[in-house]
Amino acid sequence: MYLLLNLMRRREPDEEFMKIALEEARRAAQLGEVPIGAVLVKEKKILAKDHNRCVELSDPTAHAEILVLRKGGRVLKNYRLNQTDLYVTAEPCLMCASAMLHARISRLVFGAWGKKFGAVESTFRLFEKEGLNHQIEVRGGILEKKCSDLLRNFFKKKREQ
């Protein structure tokens, strides 16, 4: 019973923070960016939130996850983001997953699986490589349908244009 209550308490904040990441992803879509949003949390408090800005900043590294990790580092005055949770609407790519390892985040929670570029559970499975000096707890599929639908609809509209 205790374990079930603990899991229920844990799921609720995951969904609430993912909803905030989805708001960021919708902002990205409105700006013509790939609709991915991210939120960095420590002790249930938001340190940073953002969305993809590659087009806006003319920067291929301006993924939501990277922007949020940078902001989080400034807030904490440390490039190590120990004991933080990162919420992302889509499974991170290799660049972002690698940055998470370097930042030492504790937990990654994502929505949609990335069949082409997903570096955590779908395609590359980076966090499972032997010899890594840091482990990240992963939980995928949170509000998966909403996250997937947002991406699917964005690319469908792009193809129609």
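The values are calculated or read from the model by the stated rules, or taken from the named source; none is laboratory data. For clarity, every value in this text was computed on a predicted model and none was experimentally measured. Here the Cβ positions follow ideal geometry from the backbone for every residue, glycine too, while neighbour counts run over all protein chains shown. Areas reflect the complete protein model, heavy atoms only, side chains present, ligands, DNA and RNA absent. Shrake-Rupley method; radii C 1.70, N 1.55, O 1.52, S 1.80 Å.
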Task: Protein accessible area in the stretch 57-151, 1.4 Å probe - carbon and sulfur % - done: 53
Open item on the list: Averaging over every viewing direction, what projected area does the convex hull of the Cα atoms of the stretch 60-133 cover, in nm²?
Closed with: 4.8
Open item on the list: Looking at the chain only, what percent of DSSP beta bridges run antiparallel? Nearest 5 please.
Closed with: 55
Task: the chain: radius of gyration over Cα atoms, expressed as a fraction of 2.2 N^0.38 Å - done: 1.00
TODO: Taking the Cα atoms of the stretch 33-85, report the difference between the largest and smallest coordinate on each principal axis, in whole Å and largest first.
DONE: 31, 18, 12
TODO: Note down the nm distance, to one decimal, between modelled labels 7 Å out along Cα→Cβ at GLN135 and at LYS116.
DONE: 3.4
TODO: Can you work out the accessible area per residue across the stretch 20-161, with the rest of the protein chains kept in place, probe 1.4 Å, in square angstrom?
DONE: 54
TODO: Compute the distribution of all C-alpha to C-alpha distances in the stretch 120-161, in bins of 10 Å from 0, and list the percent of pairs in each, rounded to whole numbers.
DONE: 22, 32, 27, 16, 3
Task: Solvent-accessible area of ARG27 with every protein chain in place, 1.4 Å probe, in Å² to the nearest 10 - done: 100
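How do 73-83, 98-108, 32-42 rank on mean C-beta neighbours within 10 Å, highest first?
Averaged packing, sorted descending, gives the order 32-42, 98-108, 73-83.
Which of the pairs LYS49/LYS158; LYS44/LYS157; LYS71/LYS146; LYS115/LYS157 have their Cα atoms more than 30 Å apart in this structure?
LYS44/LYS157
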Task: For the stretch 20-53 and the stretch 127-161, distance of Cα centres in Å - done: 13
- [ ] Determine the sum of side-chain charges near ILE136: Lys and Arg each +1, Asp and Glu each -1, restricted to other residues whose C-beta is under 9 angstrom from that of ILE136.
- [x] +1
